[in-house]
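One structure is given here, and the rest of the page talks about it.
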Amino acid sequence: MTNTGSDESGFGGFVPPPPEPPPQGPPAAAPPPPPQPPYQQYQQYQQPVAGAPYQPPYPVQAVPQKTNGLAIWAFVLGFLVPLGAWILGPIAISQINKSNGTQKGKGLAIAGIIIGVVLVIIYVAVSASHSNTNSGNSTVLPLPF
C-alpha cells in the first residue's frame, strides 16, 4: 500500500493496521456466581372487605389502665359500710364506662355492691330471727352503718 497523500480513509493519509484475530483455544471458565439468598415472602396488600373493622397498618401502643379509686372504695365499703358501696359502686361504674378504656375496676365496683347487698340481707335475716326468739323482748340489732 502506498501513501499518496490523498487517502479515502479520511484520516489524512494514515491507515490503521488491521485488527488482530482473536486467540484460538478454549475460553477461560468463569467462576460460578455466588448463590442468591432466598427471597422473603412479603404479604400482599389486600383491600378490606366492606363492613370489616379497620386495622391500622402499624401496631397501636396500649395505654396502661389505671384502677378507678371509687371502685376500690366501693369494694372495701361493701364489707364495712354497705350503704357506702351502694353509693360509690354505681358512680365508679359510670366513670369507668366514660373513660374509654383508660380505667379498670368495674368488677371491684360490682363486687362491692353485691357484697353490700348480701351483708344487708344476712343482717336482716339475723335480726329477724333474733327478734322471733325473744318474742316478749323485741330488740333489733343495731345497723353497722
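The values are calculated or read from the model by the stated rules, or taken from the named source; none is laboratory data. All values derive from a computational prediction rather than experimental measurement. What goes into the accessible areas is simple: the full protein's heavy atoms, side chains included, and nothing from ligands, DNA or RNA. Shrake-Rupley method; radii C 1.70, N 1.55, O 1.52, S 1.80 Å.
The residue of segment 116-145 that is most open to solvent (accessible area, probe 1.4 Å), among those that are modelled with pLDDT under 75 and part of a helix (DSSP H, G or I), is ASN132. If we keep just the residues of segment 73-115 that are of a type in the set (S, T, N, Q) and open to solvent by 40 Å² or more (accessible area, probe 1.4 Å), which is farthest from VAL63 (Cα to Cα)? Of everything passing the filter in segment 73-115, SER94 is farthest from VAL63 (Cα to Cα).
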